[in-house]
Amino acid sequence: MAARDQAVHRIPEILHDTRWTVCLVGEEQSAKLAQVTAGLRLPPDRTGSGKLITSGFSYWGLESTVAWAHACNDLYYPVMRESIESFSRRWHGMAAALPDGPLHHVSLGPGTGEKDQAILRHLAERGTPGCYIPVDVSAEMLRLGQRAALQNLRLPPGEVLPVQLDFALPRNLDRLRALVARTVGDEPVLYSLLGNTLANFDSDAQLLKLLVDKVLRPQDRFLLEVANTAGQDGSAALAAAQEYENSPRFREFVTSALMQYTDLQIDMNSLSCEGSVEDDRALLVKVVYRNRTGGELTLTLPDRSSVPFPDQDTIRLYLSRKYTQQGLEKMLTEAEVVKAGEAYDGGNTAFDRPVFGMTLLLLQSSGAPRDPVGPNPFA
């Protein structure tokens with residue numbers, strides 16, 4: 001046992017060689033593969049509400065990770081590219097509302113890492129860097145995001161702890177909360193969920209409430225980034241879908257998971273991005289693959305079983321939203337959080353197009369002391 005303890009203690013020294021990274025695997029990976037298979041076994045549905053690849057698994061695997069990195073740099077995919085470019089300005093506009101002293105950063109879904117780097121750089125500049133704990137269901141995405149987040153920063157390797165974990169599951173959040181508490185004690189933590197990731201989940205409001213209930217303590221803060229819309233009608237929904245439709249790199253990304261988990265021969269003409277109005281809370285975008293062959297196909301799944309894929313049946317590959325002010329405020333109220341800071345970017349929108357933007361919110365539990373927030377960006 002002593003020899004093992006010594007080996008563990010030598011890990012930070014080993015990590016000074018940047019060719020190595022360490023990762024804690026927080027759940028059984030074979031169970032994740034079973035989840036993918038179960039989603040592809042759902043009954044036929046022509047509307048994109050049947051078979052699906054759930055959020056998280058779209059990024060699971062090397063091919064999908066590389067495809068996502070390419071999509072984020074696609075000039076024809078402004079949704080993510082403009083979000084990355086404007087993040088540093090929006091982040092610095094609210095950083096004064098952070099608690100004093102050491103602040104640890106737990107990044108839920110670090111993506112390609114540029115936004116985490118902006119956060120970590122600011123924490124280092126104010127002289128209060130803490131631990132960096134990126135959390136993602138994809139080990140490949142963790143490695144990609146970590147390398148970008150730590151580029152040109154002098155964060156000690158022993159203060160970086162990537163965790164491979166699906167943070168959408170309650171039992172996993174219990175484990176994450178225990179891990180964070182053992183790592184940082186009672187010192188405040190900045191949790192982040194950026195890049196409109198919340199919008200990718202079917203039960204987005206319930207997920208936000210779950211995250212707040214499970215991990216957010218009074219001394220902690222939660223950094224949430226979502227896409228927003230000033231309009232909510234059919235034309236706005238169509239424009240929201242076209243943002244994804246116009247990007248060849250994004251189309252390659254969403255179909256990469258389908259290629260990984262099935263033996264389907266991909267026809268890009270069978271891929272469509274469909275926008276709709278989701279009550280009074282958001283514009284909803286579904287990216288679906290539809291069987292347009294005129295006959296029934298058979299899909300072979302990762303467990304070597306097969307399922308029918310009838311004509312006009314669909315597989316939902318991606319889900320996203322752009323929130324209205326009313327929808328966003330309702331989510332925050334249901335999650336029992338208040339704003340400690342807020343910053344907004346309107347993007348580069350043509351005069352004859354709907355106004356879409358990105359909102360960055362610094363949140364705290366409703367029982368924590370309130371700090372003043374800036375003006376309402378939707379006004």
What number, in nm² with one decimal, is the all-direction average of the projected area of the convex hull of the alpha-carbon atoms of segment 34-107?
-> 8.5 nm²
Pairs of Cα atoms under 8 Å, at least six residues apart: use those to get the relative contact order of segment 185-337, whole percent.
-> 28 percent
Span from the segment 42-67 Cα centroid across to the segment 218-260 one, whole angstrom = 14 Å
Would you work out which of Ser58, Tyr77, Phe87 lies farthest towards the positive end of the dipole of segment 37-105, given +1 charges on the beta-carbon of Lys and Arg and -1 on that of Asp and Glu, about the Cα centre?
-> Ser58
Report the Stokes-Einstein translational diffusion coefficient (µm² s⁻¹, integer) for segment 104-241, Rh taken as the Kirkwood radius over Cα pairs, at 37 °C with viscosity 0.692 mPa s.
-> 207 µm²/s
May I ask you to order 24-33, 137-146, 167-176 by the average number of other C-beta atoms within 10 Å around their residues, highest value first?
-> 137-146, 167-176, 24-33
Hey, got the Cα dimensions of segment 87-172 along the principal axes, in Å, largest first?
-> 32, 28, 25
Global form of segment 1-152, assessed from the alpha-carbon gyration tensor, a/c cut-off 1.5 | oblate
So, relative contact order of the chain in percent, Cα under 8 Å, 6 or more apart, is 20 percent
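What FRET efficiency comes out for the pair Thr300/Gln242, r = Cβ-Cβ distance, R0 = 30 Å, nearest 0.05?
Once rounded, the FRET efficiency stands at 0.35.
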Figure the gain on full extension for Arg175 and Leu24 (residue separation times 0.36 nm, minus the Cα-Cα span) and round it to one decimal in nm.
-> 53.2 nm
Obtain the radius of gyration and the Kirkwood radius of segment 235-339 from its C-alpha atoms and give Rg over Rh.
-> 1.09
Highest average packing first - 297-304, 355-362, Cβ atoms within 10 Å = 355-362, 297-304
The simple spin-label model distance between Arg126 and Tyr76, using points 7 Å out along Cα→Cβ, in nm, is 4.1 nm
Run the dipole for the chain about the Cα centre, Lys and Arg Cβ at +1, Asp and Glu Cβ at -1, nothing else charged, and hand back the magnitude in debye, nearest 20.
-> 480 debye
P(r) histogram, all alpha-carbon pairs of the chain included - 20 Å bins from 0, percent = 28, 58, 14, 0
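Computed from the coordinates by the stated procedures, all read-outs in this text should not be read as laboratory data. These numbers come from a predicted model, not from an experiment. So basically every Cβ, Gly included, is an ideal-geometry build from the backbone, and we count neighbours across all protein chains shown.
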